[in-house]
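Structure first, then comments.
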Amino acid sequence: MTVADHPFRDRPIRVARVIARLNIGGPAQHVTLLTAGLDRARFVTTLITGVVGEREGDFTEAARARGVEPVVIPELGRAIRPSRDLVVLYKLVRLFRRLRPDIVHTHTAKAGALGRLAARMAGVPVTVHTFHGHVLEGYFSPAVTRTFLAIERWLARGTDRLVTVSPRLRAQLLAMGIGRPDQVEVVPLGLDLGRFARAHPGTTSGLRAALGLAPGTPLLGSVGRLVPIKDHPTLFRAVAQLGADGEAAHLVVVGDGEDRPALARLAQALGVSARVHFLGWRTDLETILNELDVVICSSRNEGTPVALIEAMAAGVAVLSTEVGGVADLVTHGETGWLVPQGDPSAMAGAIRHLLAEPNLRARLAAAGRGVALDRHDVTRLIARIERLYTGLINEKLTTDNGQPANAL
């Protein structure tokens with residue numbers, strides 16, 4: 001068969017996209033925007049997902065609002081359960097054989113392993129996996145981490161393209177022996193930032209009044225899942241140090257998760273429960289960001305934090321631990337402020353410095369806004385992925401036919 005006779009001449013490329021669950025966060029937004037946004041004349045995408053955990057925010061309705069109706073495999077989720085995982089593998093193989101995708105693109109570790117294995121078993125021509133971060137540092141014991149590392153190396157050998165969301169994440173994976181330099185590609189995270197770009201920092205939305213705070217009270221923010229890897233205890237201890245100096249900064253915590261009860265107890269033990277406000281998951285984040293002086297990420301590991309991108313797009317100064325791909329997003333002293341991971345004193349000092357220097361905060365916020373809107377807009381993501389898919393199909397046709405494939 002020649003390229004000219006190939007069926008892609010007459011039909012769109014079929015893509016099966018697999019993610020473990022549509023919980024609120026960067027990966028869920030990413031897969032939803034891609035599924036909804038790819039040129040439907042050239043690509044037909046099926047989004048396959050598992051179920052969201054009990055204390056996690058659910059992004060499913062937001063996906064449906066964009067016209068994305070996921071195929072749900074109930075047994076698929078974040079936790080490793082061998083018996084259920086075998087059921088997921090069987091269902092994915094059966095689904096792939098029915099859908100006959102040209103490309104299987106997986107996201108997140110669990111879906112990446114099962115989805116790529118099922119694609120091999122079903123004879124899918126092209127496989128792609130996106131590392132939004134990785135679980136090979138800060139999540140598990142050394143023995144479990146070594147096992148997962150061996151699995152990722154093995155899976156990489158049979159994957160056509162590995163995608164990372166930042167150059168530093170790419171460098172980390174290659175240093176771990178995952179993939180080859182010509183196989184690992186950087187595609188920055190893309191988000192729909194319109195509602196944040198329209199935000200007006202400093203606008204009073206009633207948040208301080210709702211919290212019983214006086215106008216002008218320094219207000220910090222943290223946005224994301226309340227789970228161990230996000231290391232909220234370091235942030236809470238930093239806030240406690242500010243209190244010891246007589247400063248009145250308050251912290252709003254947007255999000256929920258398994259650590260919320262323990263974090264509430266920690267705030268009580270540190271004597272800051274009156275200054276730490278748990279807001280849960282919110283749909284009015286752009287309004288909340290308007291009133292914040294600094295948005296803080298205290299994580300032990302990150303790919304590209306969505307919370308920082310959204311805060312930067314909204315024109316809020318950001319402070320983060322220097323982990324994972326954060327430094328590809330935040331340039332210290334230019335587009336934000338960076339501190340070492342796990343150091344409450346360093347974080348408290350940075351908060352104190354930023355709160356004392358409104359002109360510095362304004363300068364960081366303005367520069368950060370430009371970076372977020374220019375680099376992480378969803379239209380750039382969609383264009384990059386469309387080029388990636390077309391290029392991979394052309395490579396596959398060239399390999400299969402021994403002919404140049406430049407017409408797709």
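The values are calculated or read from the model by the stated rules, or taken from the named source; none is laboratory data. Being a predicted model, the structure only gives us computed values, none of them experimental. Reconstructed Cβ throughout: ideal geometry from the backbone, glycine too, with neighbour counts over all protein chains shown. To get the accessible areas, we keep the full protein, side chains included, count just its heavy atoms, and leave off ligands, DNA and RNA. Shrake-Rupley method; radii C 1.70, N 1.55, O 1.52, S 1.80 Å.
All conditions but one from (1) in contact with a strand residue (DSSP E or B) (Cβ under 6 Å, 6 or more places away or on another chain); (2) at positive phi apply to Arg100; the one that does not is (1).
Just so you know, in the range 228-261 the residues that are surrounded by 19 or more Cβ atoms within 10 Å (Cβ to Cβ) and β-branched (Val, Ile, Thr) include one that is farthest from Met347 (Cα to Cα), and it is Val254. The test for being more than 21 Å from the chain's Cα centre (by Cα) and without any contact (Cβ under 8 Å) to a residue 40 or more places away in the chain does not hold for Ala171. Scoring Ala113 on the criteria (1) more than 27 Å from Glu61 (Cβ to Cβ); (2) at pLDDT 95 or above; (3) of a type in the set (A, V, I, L, M) leaves a single failure, condition (2).
When Val223, Val239 are screened for being hydrophobic (A, V, I, L, M, F, W, C) and under 25 Å from the mean Cα position of the chain (by Cα), only Val223 passes.
Within the range 57-76, the set of residues being open to solvent by less than 10 Å² (accessible area, probe 1.4 Å) and within 25 Å of Arg260 (Cβ to Cβ) comprises Gly57, Ala63, Leu76.
Residue by residue, here is whether (1) touching a helix residue (DSSP H, G or I) at 6+ places or on another chain (Cβ under 6 Å); (2) under 29 Å from Asp102 (Cβ atoms); (3) not basic (Lys, Arg) holds:
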| site | (1), (2), (3) |
| --- | --- |
| Arg168 | yes, no, no |
| Ser205 | yes, no, yes |
| Pro218 | yes, no, yes |
| Val239 | no, no, yes |
| Ala249 | yes, no, yes |
| Asp256 | no, no, yes |
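Here the range 356-408 is the region considered, the condition is being modelled with pLDDT under 90 and either part of a helix (DSSP H, G or I) or among the hydroxyl-bearing types (Ser, Thr, Tyr) (or both), and the residue that is farthest from Gly26 (Cα to Cα) is Asn401.
When the test is whether a residue is over 22 Å from the mean Cα position of the chain (by Cα), buried (at least 18 other Cβ atoms within 10 Å of the Cβ) and under 12 Å from Arg17 (Cα atoms), Leu92 passes it.
Against the list (1) part of a helix (DSSP H, G or I); (2) open to solvent by 50 Å² or more (accessible area, probe 1.4 Å), the condition Pro181 fails is (1). What number of residues within the range 197-211 satisfy the criterion of being at pLDDT 90 or above, closer than 30 Å to Asp343 by Cα and not charged (D, E, K, R)? Number satisfying all stated conditions: 2.
Show me the helices (runs of 4 or more DSSP H) found entirely inside the range 1-117 where at least 2 residues are under 20 Å from Val187 (Cβ atoms) and not charged (D, E, K, R). Outline the logic, then answer.
Details: elements: 26-37, 60-65, 82-99.
Per the criteria, 26-37.
If you check Arg153 against the conditions, is it within 30 Å of Leu319 (Cβ to Cβ) and assigned to a helix (DSSP H, G or I)? No: the conditions fail for Arg153.
Restricting the search to the range 268-293, which residues are within 27 Å of the chain's Cα centre (by Cα), crowded, with 18+ Cβ neighbours inside 10 Å and farther than 16 Å from Gly57 by Cα? Residues satisfying the conditions are Val276, His277, Glu286, Ile288, Leu289, Asn290, Glu291, Leu292, Asp293.
Scan the range 153-161 and give yes if some residue there is of a type in the set (A, V, I, L, M, F, W, C) and either closer than 23 Å to Asp39 by Cα or in contact (Cβ under 8 Å) with a residue 24 or more places away in the chain (or both), otherwise no. Among the residues of the range 153-161, at least one is of a type in the set (A, V, I, L, M, F, W, C) and either closer than 23 Å to Asp39 by Cα or in contact (Cβ under 8 Å) with a residue 24 or more places away in the chain (or both), which makes the answer yes.
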